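*Asks:* Got a structure here, written out as structure tokens. Questions coming.
The values are calculated or read from the model by the stated rules, or taken from the named source; none is laboratory data. Since we're looking at a predicted model, the values are computed, not measured. Cβ atoms come from the backbone with ideal geometry, glycine included; neighbour counts cover every protein chain shown.
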Amino acid sequence: MEPRVLTSKKPLTLKGFFLQWEWMLVLLFIAVIVMNVNLSDYFWDYNNLRDATMSFLDKAFIVLPMVFIIILADIDISVGSIVALSSVIMADLYAHGVPMELALIVCLAVGTLCGYINGLLIVKFKELSSVIVTLSTMIIYRGIAYILLKDQSVGKFPKWFNYLGWGYVGSIPFILIAFAVFAVLFGILLHKTTFGRKVYAIGSNPTASRYSGVQVDRIKIIVFTLAGLMSAVTALFLTSRMGSTRPNIATGYELDVIAMVVLGGISTAGGKGRMIGAILAVFLIGYLRYGLGLINISAQTLLIVIGLLLIFAVSVPKLKWKGTGAKGKAV
Amino acid sequence: MAEYVLELKGITKTFPGVKALDNVYFKLRPGEIHALMGENGAGKSTFIKVITGVHAPDEGEIYLNGEKVEFKSPNDAKKAGIAAIYQHVTCYPDLSVTENIFMGHEKVSKLTKRILWNDMHAEAERLLRELGATFSPKTQMGALSVAEQQIVEIAKALSMDAKIIIMDEPTAALSRNESEELYRIAERLRDRGASIIFISHRFEDMYRLASMVTVFRDSKYIGTWRVDEISNPDLIVAMVGREITQLFPKKEAKIGEELLRVEGLGRTGYFADVSFSLRRGEILGLTGLVGAGRTEVCQALFGVTGYDKGKIYFKGREWKVKSPLEAMKRGIGYLPEDRQKQGLVLQWSIGRNITLPSLEKYARRGLLRTASEAQTAKHLAEKVSVKAGSIFDLVSSLSGGNQQKVVFAKLLTADLDVLILDEPTKGVDVGAKSAIYEIISELACSGYGIIMVSSEMPEIIGMCDRVAVMREGRITAMLDRKDITQEAILQASMAGEPAPAEIR
């Protein structure tokens, strides 16, 4: 065999670096800020921005595991129902005299269990797509929440619990710090670990992954379980902010979350996309909503704007492909 | 009427990098059953696709009843009365038999375009009875057996008034009785004046049915004979009789201790009673026709699918393989048959693909150490001499041969003792082939035990120390190096005359 030398140095071109979808998001983000500042005098105000951030960050916790799910070429539309169910069980337990600390742990456990059940069903019934499985559990989880609470709302939580949704560390909202911590953890898990690499592998070619010794089923279950856990985390922050809960909370969260992930450049075909894109999309949509809300644009019009953004996101595949997973980082 | 209903002259068809048909001739008389024979890859499938209008030939002419024709699409061929029936019936399993028969040419009312169900059912009923079938045309297609589905396909051909019917290995999936039924139907069609091109690997089919036989080999036309005029040995020579001109760089490896022993392995419906052993440094060939169960045996050994009978001993100890991961941990690696679907993540770079099976090696507590990963990838890619500039090049940009080298490099990342190579040179050009043989030979010398599944006789003969021949899920012959000949392999892999009793 003739000897042949391959380079193991990462090719770095300026053009390739800037032709990434994330830069498009950054530009859009700047455009949204500039537009908002010009449209309303109230936008560029620290207190206002801070409050706005606190109000849209609750669902952002689910965006993090949803990135994994969509990279796997799966989807989970039961997350909103998991938020409701874990929140309702927590509140109900507390109302029946269980200490709040314990109820909080149960809330996380319920979310985790719901996610685990999703994962298990998807892995066991290969002929069913994840849309169908999570559509079913979405209805079931929400149904259980209604059975437990009927149509009432439960609240009056202890004072310390309010800190989650309303508290500050110095002048920075606690929820923002919590999100930052989770975002970094999930980012590392996706981009720096063997687990993340395998998630990309499964999303790109599940058969080849299996033949390469990747435990496809196990990884899918773990990812869906994480989505359940993070839905419960969202339940904690959301319940704390609202001060009470009812079975219909977080309705439609799944669509908001999926929209953010897709806008973040994560392809529903699987195997492509990066965490930073989804995180940028969270803030992009968050501030867009807030800004347009300030100038009294109706929520319905907002939906149209977000829909147009999504179509834009999925119709620029050329930009999206560059650097998002295909060539990827490192090796 | 012309002497021939169908005549093909000098047909050549080239695909990128491969000459699939090279100056091929074929003549079909009215009311004749004409067998078309040849090894896997001899060009039979491409030939059918040319006749049925799927592929347009690059050169050559097609005559139908003496008139020159040109098929621009499968529809043109259908209209000309040519129909093909395949081994794997392509049907709509959820629709009724009637709907399957009339798919694409439904009977509709001229005025209202309403579908005339009663007419269609009656016509379907008539066709089925004519073919001797007893099931109702309202039966759901998916509920029928393969043999019955083939009858429906034939009925479909008749409903379109097909004069030329091509049957592509129709008996491969049928039992003896079902085959017998198919023979009778074929004869009935012939007596009605249809001409049949019958493709089969079974000599039995040919002797039972055909009056003429045409042989292709290596995409070339070898000859046409009357079945009663050519002897069986002559026919075998015609099918395989090429000289082995390729260079096989087989080196004599030191044969060591036994690594793997399989006893009476079976999986219901796929293979049965498979026994063999493999030693360090040995290359064991596993051959036979496509569908003989070779891949299924390999997949059972690698833990992709299960097995329900028999035992596997690895290094003297019995074990049950449950997953590919477990097999790899123990020391068995598998190079899958379909490298694009099973072997590679095409959107990924060379480096990422190479390290996928052994990621944990380049990680500390789950965190990837990209420097050591890149180093390994570079080292292994160079070891199998992948032709690329960088380990960051996408595998989708590589040629088939170089992609296959990347799959080999993947195997080298793990600490393995046994390598199962499933069609390692499939779809690879000649130059890359000999490079791959070189890799295989070197691996054997460095102490791996290798099982090589292959349909290509030259490489089986050139590379293997021993060969197991499979037919219909069973090993029909185990040949030592000195006994490996093309004739011996072919006889053991094909059913029917002459009975391979002495080989068994």
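*Asks:* Of the residues that make up segment A:16-25, is at least one outside any helix (DSSP H, G or I), within 14 Å of another protein chain (Cβ to nearest Cβ) and aliphatic (A, V, I, L, M)?
*Replies:* no
*Asks:* For B:Ser109, state whether it is free of Cβ contacts under 8 Å to residues at least 60 places away in the same chain and surrounded by 13 or more Cβ atoms within 10 Å (Cβ to Cβ).
*Replies:* So B:Ser109 fails the test.
*Asks:* Pairs only if they're at least six apart or on different chains, beta carbon under 7 angstrom, first in segment B:69-88 and under 30 Å from B:Ser175 (Cβ atoms), second in a loop (DSSP other than H, G, I, E, B) and polar (S, T, N, Q); list them, first residue then second.
*Replies:* B:Ile82/B:Thr52; B:Ala84/B:Thr52
*Asks:* Within 26 Å of the chain's Cα centre (by Cα), part of a loop (DSSP other than H, G, I, E, B) and without any contact (Cβ under 8 Å) to a residue 40 or more places away in the chain: does that describe B:Leu182?
*Replies:* Spelling it out, it is not the case that B:Leu182 is within 26 Å of the chain's Cα centre (by Cα), part of a loop (DSSP other than H, G, I, E, B) and without any contact (Cβ under 8 Å) to a residue 40 or more places away in the chain.
*Asks:* For segment B:358-369, which positions are in a helix (DSSP H, G or I), at the interface with another protein chain (Cβ under 7 Å from one of its Cβ atoms) and either acidic (Asp, Glu) or surrounded by fewer than 16 Cβ atoms within 10 Å (Cβ to Cβ) (or both)?
*Replies:* Result: B:Glu360, single match.
*Asks:* State all residues of segment B:201-210 that are buried (at least 24 other Cβ atoms within 10 Å of the Cβ) and either over 23 Å from the mean Cα position of the chain (by Cα) or not in a helix (DSSP H, G or I) (or both); if no residue qualifies, say none.
*Replies:* Within segment B:201-210, B:His201 is the sole residue that qualifies.
*Asks:* Quick one: B:Ile332 ticks every box in (1) at the interface with chain A (Cβ under 8 Å from one of its Cβ atoms); (2) buried (at least 24 other Cβ atoms within 10 Å of the Cβ) bar one, so which box is it?
*Replies:* (1)
*Asks:* Looking at B:Lys433, B:Lys426, can you tell me which residue is assigned to a loop (DSSP other than H, G, I, E, B) and at pLDDT below 90?
*Replies:* B:Lys426
*Asks:* Out of all the residues in segment A:6-48, which are under 25 Å from A:Gly291 (Cβ atoms), aliphatic (A, V, I, L, M) and either buried (at least 18 other Cβ atoms within 10 Å of the Cβ) or without any contact (Cβ under 8 Å) to a residue 24 or more places away in the chain (or both)?
*Replies:* Within segment A:6-48, A:Met24, A:Leu25, A:Leu27, A:Leu28, A:Ile30, A:Ala31, A:Val32, A:Ile33, A:Val34, A:Val37 qualify.
*Asks:* Can you run down the residue pairs with Cβ atoms below 8 Å, 6 or more apart or on separate chains, where the first is in segment B:28-49 and at positive phi and the partner is surrounded by 19 or more Cβ atoms within 10 Å (Cβ to Cβ) and of a type in the set (Phe, Trp, Tyr)?
*Replies:* What qualifies is B:Gly38/B:Phe216; B:Gly43/B:Phe216.
*Asks:* Yes or no: segment A:38-59 includes at least one residue that is part of a loop (DSSP other than H, G, I, E, B), within 14 Å of another protein chain (Cβ to nearest Cβ) and among the hydrophobic types (A, V, I, L, M, F, W, C).
*Replies:* Checked against the condition, which is being part of a loop (DSSP other than H, G, I, E, B), within 14 Å of another protein chain (Cβ to nearest Cβ) and among the hydrophobic types (A, V, I, L, M, F, W, C), segment A:38-59 yields no hits at all.
*Asks:* Take the residues of segment B:335-357 that are polar (S, T, N, Q) and over 15 Å from B:Phe392 (Cβ atoms): which is farthest from the other protein chains (Cβ to nearest Cβ)?
*Replies:* Out of the qualifying residues, it is B:Gln340.
*Asks:* Do any helices (runs of 4 or more DSSP H) lying entirely in segment A:172-232 carry at least 2 residues that are surrounded by 24 or more Cβ atoms within 10 Å (Cβ to Cβ) and small (Gly, Ala, Ser), and which ones are they?
*Replies:* A:194-204, A:206-211
*Asks:* Within segment B:418-425, is there a residue that is facing chain A (nearest Cβ under 7 Å) and either touching a residue at least 24 places away in the same chain (Cβ under 8 Å) or not hydrophobic (A, V, I, L, M, F, W, C) (or both)?
*Replies:* Within segment B:418-425 (the criterion being facing chain A (nearest Cβ under 7 Å) and either touching a residue at least 24 places away in the same chain (Cβ under 8 Å) or not hydrophobic (A, V, I, L, M, F, W, C) (or both)), the answer is no, since none of the residues qualifies.
*Asks:* Taking B:Asp393, is it more than 8 Å from every other protein chain (Cβ to nearest Cβ), more than 30 Å from the chain's Cα centre (by Cα) and buried (at least 16 other Cβ atoms within 10 Å of the Cβ)?
*Replies:* The answer is yes for B:Asp393.
*Asks:* Scan segment A:62-102 residue by residue and report those that are without any contact (Cβ under 8 Å) to a residue 24 or more places away in the chain and either touching a Lys or Arg at 6+ places or on another chain (Cβ under 8 Å) or surrounded by 24 or more Cβ atoms within 10 Å (Cβ to Cβ) (or both).
*Replies:* none
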